[in-house]
1. Could you give every pair whose Cβ atoms fall below 7 Å, whose first residue belongs to region 58-79 and is within 12 Å of Gly38 (Cβ to Cβ) and without any contact (Cβ under 8 Å) to a residue 60 or more places away in the chain, and whose second residue is of a type in the set (Val, Ile, Thr) and not in a strand (DSSP E or B), counting only separations of at least 6 or pairs across chains?
2. I'd like to know if region 32-49 contains one or more residues that are among the acidic types (Asp, Glu), part of a loop (DSSP other than H, G, I, E, B) and at pLDDT below 80.
Amino acid sequence: MPILVRFYLSVVLVLVGGSLSAQTIVNTETLLAQIDSGWAATFGAVGDVSFGNSRVTDLSTDGSLGYTQGQMTYRLAGS
């Protein structure tokens, strides 16, 4: 593939990728649950369906994995 074609393709991919965005609402109550001792895992799922001029279906999930050792808490969370 010629270098000029690769350059233009790269520019297009950067512009398209930069213009895309997403929004999520994170359920922090689930993610920040207290870990009393040892390992803990949390998971949450929320759904919503709206009807009107358009039909909107929304499903979001979140989860975390945490470990407590003494005064330190290590947590891996995702949404």
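1. The qualifying pairs are Gly66/Ile35; Thr68/Ile35; Thr73/Ile35.
2. Yes, because at least one residue in region 32-49 is among the acidic types (Asp, Glu), part of a loop (DSSP other than H, G, I, E, B) and at pLDDT below 80.
The values are calculated or read from the model by the stated rules, or taken from the named source; none is laboratory data. As the structure is a computational prediction, the values presented were derived from the model and not from experiment. Positions of Cβ are generated from backbone atoms using ideal geometry, with glycine treated the same way; all protein chains shown enter the neighbour counts.
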